[in-house]
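Structure, as structure tokens:
The values are calculated or read from the model by the stated rules, or taken from the named source; none is laboratory data. Here the structure is a predicted model, which is why all the values come from computation and not from measurement. When we count neighbours, we look across all protein chains shown, and the Cβ atoms used for this are built from the backbone with ideal geometry, even at glycine. Ligands, DNA and RNA are excluded from the accessible area calculation, which covers all protein heavy atoms including side chains. Shrake-Rupley method; radii C 1.70, N 1.55, O 1.52, S 1.80 Å.
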Amino acid sequence: MGLLDKHKAYSQAYGSIRDMGADPFNVKFEAVLSPTEGVVNGRPTILLGTNNYLGLTFDESCIEASRQATRQLGTGTTGSRIANGSFGGHLELEREIARFYGRRTAMTFTTGYQANLGVLSTLVGRGDHLLLDADSHASLYDGARLGHAEIIRFRHNDPDDLRKRLQRLKGQPGNRLIVTEGIYSMVGDVAPLKEIVEVKREMGAYLMVDEAHSLGVLGETGRGLAEAEGCEADVDVITGTFSKSLGAIGGFCVSDMEDFEVMRVVCRPYMFTASLPPSVVASTLQALKRVEEEPGLRHRLNANAQRLYNGLTKLGFELGPRCSPIVAVAVPDQPRAIAVWKALLDQGVYLNLALPPATPDARPLLRSSISVAHTDDQIDQVLRAFKTVGAAFGLVNPSQQRASA
Amino acid sequence: MSTLESVTDLTVHQIGRTASAVMQRNVEVTAASDIGRDLGVDSLTLMNIVMELEDVFELSIPIDRLADVETVGDLAALINELRARG
């Protein structure tokens, strides 16, 4: 039996998707001209599935910082944080992240995926209990699996269900760590953090929030959902990423726990990997400055999100429960989802196609993320493309269409 | 038939009922049914079935224990072990 035979089912499933003339997991961006414009299949394309919420990948000051750092320090650190890979910039970035979050300690990781892998596999161990929201990102599931704690799922965004499951653990030794996300990556809904904090206090547990999609997006100063909900004092660990609002790659965690520094010598996804290159550290530091000095970015982002969300709602599409910079359209079946995804791309609109089992329920999603960099014209162009495609594929419910305001 | 065997049968039967409810189609199972191959259950659906079974049996079925579960019989044995422990 060949090594890859075990993946035959996926191979066949992938093959039948490509037989439809679509290759959503292998799109080639021949050119990327701005946070919102690219070239795909030789065609100018609006980029609507990038997580580039603040458009900082093309910010002049971030690019300049990156360029200078490469000139001064070279193309890479070629080492781990515990060997030769801790440059001044890495320490400065950690200090700045810690200051931004008002926490004692910050650790940076080479990717956000590794930050979750590291925290979940190291902070809890054998005999401890992880309570994961059912819709948790793959990085959280994988981090849980890498460690040795018991893993219990609770129903998505359901504090009563969380309480019930913690209740079942009563009397069992070990620590409990509840894990939720700020903004969930598929549908853009947010955790009911205040109620989860109540459960945490009532039942006795630690709480971690992954603010990957909410940093730079929610909260008075852009710290995320915990700030927006006034819950920061009850959140014990926050993780996040540099690959969305901050426009690069990398991850971090922050905490006030005493002796958190020990993580640097026990956390394998931190230790056994090369550290971020100087260019990324520099652009991320500058991007963080931009987030802090220009709150208007957040406000305009949310205005753009409203425009897209309301526009799609008026057209009669089925969206997630709440407007956020992630706007996902549910499609009843997979063949139609693939065909619609391709039709949108042919109309010059790129967004993400999410298929089960990567989606919260069994339905495929056309998932878009809006950026502050999208213009009203671009959003209107997207809405026109959706209107055409919605009609052609029978996706809109005429009775759901709202009359123009 | 020993008491242990009949308890396992009941659990196997319940797993079949719960899987049917979650997958919204009739699922016939025996202890030997392979969850992935015979029932066509992917990892997410299995976790959702387990979530329902936790409520049916009023216990925690940690998903880290699912790595060793291949057949319905394996899952029934796990549930019965957890019931005995609790």
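Counting only residues that are of a type in the set (A, V, I, L, M, F, W, C) and over 21 Å from residue A:340 (Cβ atoms), which one in region A:1-42 is nearest to the chain's Cα centre (by Cα)? Looking at the filtered set, the residue picked out is A:32. In region A:132-145, how many residues are open to solvent by 10 Å² or more (accessible area, probe 1.4 Å), under 29 Å from residue A:284 (Cα atoms) and either in a helix (DSSP H, G or I) or not charged (D, E, K, R) (or both)? The qualifying residues number 5. From the list A:361, A:377, the lone residue that is open to solvent by 60 Å² or more (accessible area, probe 1.4 Å), in a helix (DSSP H, G or I) and either acidic (Asp, Glu) or touching a His at 6+ places or on another chain (Cβ under 8 Å) (or both) is A:377. The number of residues in region A:254-269 being in contact with a helix residue (DSSP H, G or I) (Cβ under 8 Å, 6 or more places away or on another chain), open to solvent by 70 Å² or more (accessible area, probe 1.4 Å) and in a loop (DSSP other than H, G, I, E, B) comes to 1. Residues that are touching a strand residue (DSSP E or B) at 6+ places or on another chain (Cβ under 8 Å), among the acidic types (Asp, Glu) and crowded, with 24+ Cβ neighbours inside 10 Å do occur in region A:201-219. Of all residues being of a type outside the set (Lys, Arg) and open to solvent by less than 60 Å² (accessible area, probe 1.4 Å) in region A:159-171, which is nearest to the other protein chains (Cβ to nearest Cβ)? Just the residue, please. Here the answer is A:169.
Just to be sure, is residue A:179 in contact with an Asp or Glu (Cβ under 7 Å, 6 or more places away or on another chain), part of a strand (DSSP E or B) and away from chain B (no Cβ under 11 Å)? It is true that residue A:179 is in contact with an Asp or Glu (Cβ under 7 Å, 6 or more places away or on another chain), part of a strand (DSSP E or B) and away from chain B (no Cβ under 11 Å). Candidates are the residues of region A:290-341 that are of a type in the set (Val, Ile, Thr) and part of a helix (DSSP H, G or I); the one that is nearest to residue A:373 (Cα to Cα) is A:291. Criterion first (within 9 Å of chain A (Cβ to nearest Cβ), touching a helix residue (DSSP H, G or I) at 6+ places or on another chain (Cβ under 8 Å) and surrounded by 15 or more Cβ atoms within 10 Å (Cβ to Cβ)) does residue B:48 satisfy it? Yes: the conditions hold for residue B:48. The residues of region A:146-156 that are touching a helix residue (DSSP H, G or I) at 6+ places or on another chain (Cβ under 9 Å) and in a loop (DSSP other than H, G, I, E, B), listed by number, are A:147, A:148, A:149, A:155. Residue A:28 is checked against (1) modelled with pLDDT of 95 or more; (2) surrounded by 13 or more Cβ atoms within 10 Å (Cβ to Cβ) and fails just one. What number does that condition carry? Just one mismatch for residue A:28, condition (2).
Flag: residue B:7 does not match the condition of being open to solvent by less than 40 Å² (accessible area, probe 1.4 Å), more than 14 Å from chain A (Cβ to nearest Cβ) and either over 18 Å from residue A:135 (Cα atoms) or over 13 Å from the mean Cα position of the chain (by Cα) (or both).
For region A:116-126, residues that are within 11 Å of another protein chain (Cβ to nearest Cβ) and closer than 18 Å to residue A:236 by Cβ total 0. Looking only at residues in region B:51-86 that are more than 19 Å from residue A:130 (Cα to Cα) and touching a strand residue (DSSP E or B) at 6+ places or on another chain (Cβ under 7 Å), the one that is nearest to the other protein chains (Cβ to nearest Cβ) is B:70.
Apart from one condition, residue A:16 fits all of (1) over 21 Å from residue A:286 (Cα atoms); (2) touching a Ser or Thr at 6+ places or on another chain (Cβ under 9 Å); the exception is (2).
Among all residues of region A:182-190, there is none that is within 14 Å of another protein chain (Cβ to nearest Cβ) and either more than 24 Å from residue B:52 (Cβ to Cβ) or at pLDDT 95 or above (or both). Considering region B:23-45, the residues that are free of Cβ contacts under 8 Å to residues at least 40 places away in the same chain and of a type in the set (A, V, I, L, M, F, W, C) include one that is nearest to the other protein chains (Cβ to nearest Cβ), namely B:44. Kindly indicate which of A:156, A:148, A:129 is open to solvent by 10 Å² or more (accessible area, probe 1.4 Å) and within 9 Å of chain B (Cβ to nearest Cβ). Every option except A:148 fails the conditions.
Could you go through region B:13-31 and let me know if any residue there is within 24 Å of residue A:136 (Cα to Cα), charged (D, E, K, R) and more than 10 Å from the chain's Cα centre (by Cα). No, because not a single residue in region B:13-31 is within 24 Å of residue A:136 (Cα to Cα), charged (D, E, K, R) and more than 10 Å from the chain's Cα centre (by Cα). Only one entry in A:85, A:112, A:74, A:79 is touching a residue at least 24 places away in the same chain (Cβ under 8 Å), open to solvent by 20 Å² or more (accessible area, probe 1.4 Å) and among the small types (Gly, Ala, Ser), namely A:74. Could you please let me know if residue A:66 is out of contact with any Cys (no Cβ under 8 Å at 6 or more places or on another chain), small (Gly, Ala, Ser), assigned to a loop (DSSP other than H, G, I, E, B) and at pLDDT 95 or above? No. Checking each residue of region A:45-55 against the condition of being modelled with pLDDT of 95 or more and under 25 Å from residue A:179 (Cβ atoms) gives at least one match.
Can you find, within region B:58-86, the residue that is nearest to residue B:14 (Cα to Cα) among those that are among the acidic types (Asp, Glu) and outside any helix (DSSP H, G or I)? The residue in question is B:58. Taking every residue in region A:338-357 that is within 14 Å of chain B (Cβ to nearest Cβ) and pairing it with any residue that is among the basic types (Lys, Arg), at least 6 positions away or on another chain, the pairs with Cβ-Cβ distances below 7 Å are A:354/A:367.
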